Amino acid sequence: MTIRDDHDLARDLAEGAGELLLALREKEGFGDPSGLRAEGDAASHRFLMEALARLRPSDSVLSEEATQQERLDPRRLRADRVWIVDPLDGTREFAEEGRSDWAVHVALWERGELVAGAVALPAQGRTLFTGEPPVLPPLRAEARSRIAVSRTRPPEFVRNLAHLVGADLVPIGSAGAKISAVLTGDVEAYVHAGGQYEWDSAAPVAVALASGAHASRIDGSPLTYNQGNPSLPDILVSLPGLASTLLAGIRDLHR
């Protein structure tokens, strides 16, 4: 595991956790989905926490799998550097044979900003990270835009937004997989307002911003991290040329 800088560390940690999760999938199989989900969450969390304690002992950590007491630890709010991790984003997809739309998120927040991040997509064999941000695809000329949405609970207002702006909805699993799809050209946007937390988006947003993509709340305000309440209920990530159209459409729908 290299530790040349925080970008490389985020990538190495996300990929290391991803390799562990792939091995667990192979070993356990898919006969007990709930057991596989629980074991995957716990094993990846343990790997990331032990690695960060060893490699960045002075930094704080906010993890989805932390206890409520750990999440509310006031030392995190006073820290200059906080790693925000989702050990297994898309547990439902992880436990479904053949699905590759799940991810591992590792991000670093420093003094108010996301400064490094990586999204490993282990079953797709790729990792997007801030050390080498992906080059954004061009907006497709005269083609309907595609908006990534939840497989299981797409917000009704996103259906209305798609109708308003002439877009198609594309169901994808984890938030990390959805935002990665924007950055790699499989869709043009991701819009969500059904409730999320900081760990759901910190790493993919770090990569999106490093790539030059648009990332904000659905009202256009900035996404903020390392807050006392880690709830971050809505998000818009898109290719920059589409952001103004989507934000205008959202405003129209909320009048």
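Extension gain, residue 70-residue 255: 0.36 nm per intervening residue step, less the Cα-Cα distance, totals 62.6 nm. Among 183-193, 79-89, 141-151, 238-248, sorting by the average number of other beta carbon atoms lying within 10 angstrom of each residue, highest first, gives 79-89, 183-193, 238-248, 141-151. Listed peptides 128-134, 203-209, 30-36 appear in the order 203-209, 128-134, 30-36 once ranked by packing, highest mean of other Cβ atoms within 10 Å at the front.
Ranking 8, 219 from most to least accessible surface, computed with a 1.4 Å probe over the protein chains only, gives 219, 8. Once the Kirkwood radius over Cα pairs is known for the range 35-176, the Stokes-Einstein relation at 25 °C and 0.890 mPa s delivers a diffusion coefficient of 142 µm²/s. P(r) for the chain, from all Cα pairs and a bin width of 10 Å, is 7, 33, 36, 19, 4, 0 %, short bins first. Rounded, prolate or oblate: which one fits the range 174-244, using the alpha carbon gyration tensor with axes a ≥ b ≥ c (rounded when a/c is under 1.5, else prolate when a/b beats b/c, else oblate)? Prolate, since a/c reaches 1.5 and a/b exceeds b/c.
Note: the range 203-255, Cα convex hull, 78 Å³ per residue.
When all alpha carbon pairs of the range 39-108 are counted in 5 Å bins from zero, the resulting P(r) reads 3, 16, 25, 24, 15, 9, 6, 2, 0 %.
Here the ratio of the Cα radius of gyration of the range 84-140 to 2.2 N^0.38 Å is 1.31.
The values are calculated or read from the model by the stated rules, or taken from the named source; none is laboratory data. Here the structure is a predicted model, which is why all the values come from computation and not from measurement. For neighbour counting, all protein chains shown are included, and Cβ atoms are generated from backbone atoms with ideal geometry for every residue, glycine included. Ligands, DNA and RNA are stripped out before the accessible areas are found, and what is left, the full protein with its side chains, is counted by its heavy atoms. Shrake-Rupley method; radii C 1.70, N 1.55, O 1.52, S 1.80 Å.
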